[in-house]
Structures are given as structure tokens and as C-alpha cells.
Protein chains: 2
Amino acid sequence: MFMGASTKQGYEIAHKSREIVRSLIGDKTALLSPEEKSIVERIVHSTADVEYADLTIMTSDFVLESVKSLKNEQEILTDINMVRAGINKYSGSVNCYISHPKVIKLAKENEITRAAAAMQYAAENDFEGIVVIGNAPTALYKIMELVEEGMMDVKSVIGVPVGFVGAADSKESIKKTNIPSLITSGPKGGTPVAVAAINSLIGISKKGIE
Amino acid sequence: MFMGASTKQGYEIAHKSREIVRSLIGDKTALLSPEEKSIVERIVHSTADVEYADLTIMTSDFVLESVKSLKNEQEILTDINMVRAGINKYSGSVNCYISHPKVIKLAKENEITRAAAAMQYAAENDFEGIVVIGNAPTALYKIMELVEEGMMDVKSVIGVPVGFVGAADSKESIKKTNIPSLITSGPKGGTPVAVAAINSLIGISKKGIE
């Protein structure tokens, strides 16, 4: 198994791609730990966008706290189903509540987005683990609010919402909290970035940190 | 309903984002039809990456053939589950066979990727409709081969595989066929691009072409 490939041909493509990525961004990742380097390489591999080597920012405790949570098979919570669909090698549970009837009701009652309501729903149902937000800035803000209030046990956050409205600001805000986090500066980010980061961490948690 | 938003707050974000996108890429989409413009705008909205206004290329029959197929509620076939998870407003069926036991067997026997085997499986099961490839160049090559051999009835293809190995070449190859297509030039592309394009087409098929 290497970067999701499950056939010989798939493996060869993934391997060659990783070599190309290294040649393209090697100078930019030189100061990162082997694990951080591996995460950034996988993001660039998944997006074919070298700019992510500059945009991806992790707090110094992000890898350690994330791997600890994954080794304990704690929950992974995603903002949208597309992100959940990309996570398929984890032995713990991976949940997305955006289409849950109670979440839809909660969103309407409180006039918040369904993505934000889904975070609240998870908090109310004893969530403990890693939050992966690939799309909705409103979900990222809700997480910060819930953690601030002591209502949610978030071990780390992959916060890479995408878009021209709110996304960049939401990511700057999470940097100011104490939550271990990976973000992408500016408007860019999205599902493939989120999925690459969490799948890379799952791989690291199986191999162990160097 | 506007670009997947289902709450007041979600709608407002989507609307404001679309205005920003128009201001950023308006000069580059000036020569497109209203439908083509709408597709490109949605791709840029979903990726927050204005470069897609330059990279996205559609054949002149792409919108018409795609909308015709969607109106007839023909099948949508995706290469990976992540792409399928992003398509949720279609009245016809949306399928992905990459995890089907017969596909896994077919891939092993023929030493091809599971994504390519999934295309073959669909062809053998009377597929008729639109193929949406967000990740695997090998799936795009397989489609071309099957159409060439008269083995698969593909009305149009969204071919936006991503990556440094094979993706760009596979997309250049499909341009040389007669299959109505949307591609992104170069290594970039991926799930959000594929999902934005097909969801935009689904929206257009409900409203009708201007």
C-alpha cells in the first residue's frame, strides 16, 4: 500500500509521482520533519499544485497530537460527505453528519449552515478526535466556538476550507487558538487537500513517527 | 437552490462568491456561451483557483450532448467514490464501481488499475450516459479504447484527472477523439473540478439552455 494505490500499475504511478513532487518542492520542505514533509508531498501529489508547498502551515504539535488520536482509534469528523468518501483506510469511525435529519433541523432553527450545525451535533454527541474541514468556513468557526466554550474535545483540526468568502479569514482565526492544526493560507484548499492530509496521517500512525 | 447551498447563510456565501469569481475571470470567459461561462465560474468558485479559467476546455458540442443525456436521466459514471459523493441533486443514477468485487478481480486478472477495470465493467453492463473522471488517467484511456472499439456508449466525458504522471497526456488524447468533452489542460484537475462541472450541468439541464 502506497498513497492509496492497490494494484501494481497504481503503485508505479504513485511512486513516480512522488519522485516528481520531491524534485519540484524539495527546497521548500527542507526544514520540515519527515512526517510534515510527507504530508505536504501528498497534498501536492493530490492536487498537482506546487503552490501548496508554500500555503500549507502546521502547528508544531499537529502531527504528534493527530497521530496519538489516530492510534487510539478516536473519531474522525468531516464537514462534507465528499471528504468522508476519500478516507477509507482507517480502523476507527469516520463520520459526517451534514445530511442527518437532526442537523438539518438544527440548521433551520438556529439559522446557521448545515456544516456548522453538524459540528454542534457532533459536540452534543460526545465527539472526541480529529476534525477534517475541506469546505465550510462556517464549520471551522463553529469548532473554535465550541472548543472555546469547553463543549468539544478536538485533538486536532485539518482546516482547509476553500473559497473567496470567509475561507481565508477562518483559517487565520484558527491559527490564533491553541488547537493543533493544519491549514492552507488564503482562499485555496478543499476536499483533495483535506483528504490527502488525513490519509497521510493515517499512514504515519500505522508506520510510527521517525 | 444555488450551487448546492440549502440554507439562507449558505446561499448568501455562494452568491457573494459567484460575484467575486465573475469580477476575477470575466474577461477570460467573455467569448463563452452562458452555459459554458456558468460551468467555468462554478469550477473557479469550487477551487478558489482562477487558473482554471485558462485551463478548462470544452468541445463545442459538450454542453448540448451532456444536457440531452441528463434530461433523459441517463447514467452518470464516476471513476472514484469521492466524485460520486459530490453529486447529489440528480434524478438519474450515479454509479462508481471501483470497489465492486468483480472490478477488483478484473483489475488483478488484466493487470490494469481498478479505475480502468471499473470503466470496462460499466461498458460490459450496458452503460449509456456521461463519464466523470476526476482522478485516474488510466480510466480516461480505457474510455477512449472502449469507445473506439464500439463497446461503450459515452454521450460525453468530463475528463479532469489530476497528477504529474499521465494526467496531462490522457487529457490531450481525449481532445483528439470525437467524444464531447470537458478537460483541464496540464497536470491540474481533480475531484472538485469534476464535481463542479457535472453539478453545474445538472443545474443547466433543469433550467434549460438559454
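General remarks:
- For A:CYS96, the amide hydrogen comes within under 5 Å of the amide hydrogens of A:THR78, counting only partners 5 or more places away or on other chains and with H modelled in the peptide plane.
- Applying a DSSP loop filter and a limit of 12 other Cβ atoms within 10 Å to the trypsin sites (Lys or Arg not before Pro) in the stretch A:144-206 leaves A:LYS176.
- Take each peptide in A:135-141, B:161-167, count the other Cβ atoms within 10 Å of every residue, and average; sorted highest first, the result is A:135-141, B:161-167.
- Reachable aspartates and glutamates from B:LYS37, criterion Cα separation under 19 angstrom, eight or more residues apart if same chain: B:GLU19, B:ASP27, B:ASP49, B:GLU51, B:ASP54, B:ASP61, B:GLU65, B:GLU210
- Distances in nm from B:HIS100 to the matching label points in the other copies, shortest first (labels 7 Å along Cα to Cβ): 3.3
- Evaluating 6.51 cos²θ - 1.76 cosθ + 1.60 at θ = phi - 60° for every residue in the stretch A:73-78, the Karplus couplings come out as 6, 6, 5, 10, 10, 10 Hz, glycine and proline recorded as x.
- Computed over chain B, the per-residue total of -39500 (n - 2.57) for DSSP H runs of n ≥ 4 gives a 222 nm mean residue ellipticity of -16000 deg cm²/dmol, rounded to 500.
- In nanometres and ascending order, the distances from the B:SER185 label point to those of the other copies are 3.0 (point 7 Å from Cα along Cα→Cβ).
- Annotation for A:ASP169, label-to-label distances across the other copies: 4.7 nm (shortest first, one decimal, point 7 Å from Cα along Cα→Cβ).
- Candidate aspartates and glutamates for bridging to A:LYS68, where Cα separation is under 13 Å - those fewer than 8 sequence places away on the same chain excluded: A:GLU128
- Rounded to the nearest whole Hz, the Karplus-based 3J(HN,Hα) values (6.51 cos²θ - 1.76 cosθ + 1.60, θ = phi - 60°) of the stretch A:130-147 follow the sequence 10, 9, 10, 10, x, 9, 9, x, 4, 5, 5, 4, 5, 4, 4, 4, 5, 5, with x at glycine and proline.
- Descending Cα extents along the principal axes, chain A, whole Å: 51, 32, 26
- Distance between the stretch B:161-180 and the stretch B:60-76 - C-alpha centres, whole angstrom: 20 Å
- Phi to ³J(HN,Hα) by Karplus 6.51 cos²θ - 1.76 cosθ + 1.60 over the stretch B:164-179, Hz, x for Gly, Pro: 8, 10, x, 4, 4, 4, 4, 6, 4, 5, 5, 4, 7, 8, 9, 6
- Dimensionless Rg over Rh [the stretch B:106-210; C-alpha; Kirkwood]: 0.97
- Other protein chain Cβ atoms within 10 Å, averaged over every residue that makes up B:129-136: 1
- Nearest-to-axis residue of chain A, judged by beta-carbon position, where the axis maps A onto B, in Å: A:ALA85, 2
- Using the average count of surrounding beta-carbon atoms within 10 Å as a protection proxy, the listed peptides B:89-98, A:77-86 rank, highest first, as A:77-86, B:89-98.
- Average beta carbon contacts from partner chains per residue of A:160-171, 10 Å cutoff: 4
- Contact order relative to length of chain A, as percent, for alpha carbon pairs under 8 angstrom and 6 or more apart: 23 percent
- Directionally averaged projected area (the protein assembly as shown, Cα convex hull): 19.1 nm².
- Cross-link pairs exceeding 27 Å in C-alpha to C-alpha distance, out of A:LYS71/A:LYS108; B:LYS155/B:LYS207; A:LYS16/A:LYS175, comprise A:LYS71/A:LYS108; A:LYS16/A:LYS175.
- The mean count of C-beta atoms from other chains within 10 Å of the C-beta of residues in A:7-17, rounded to a whole number, is 5.
Rule-based calculations on the coordinates, nothing more; no lab input. On a predicted model such as this, the values are computed, not experimentally measured, just so you know. Cβ: placed from backbone, ideal geometry, glycine included. Neighbour counts: every protein chain shown.
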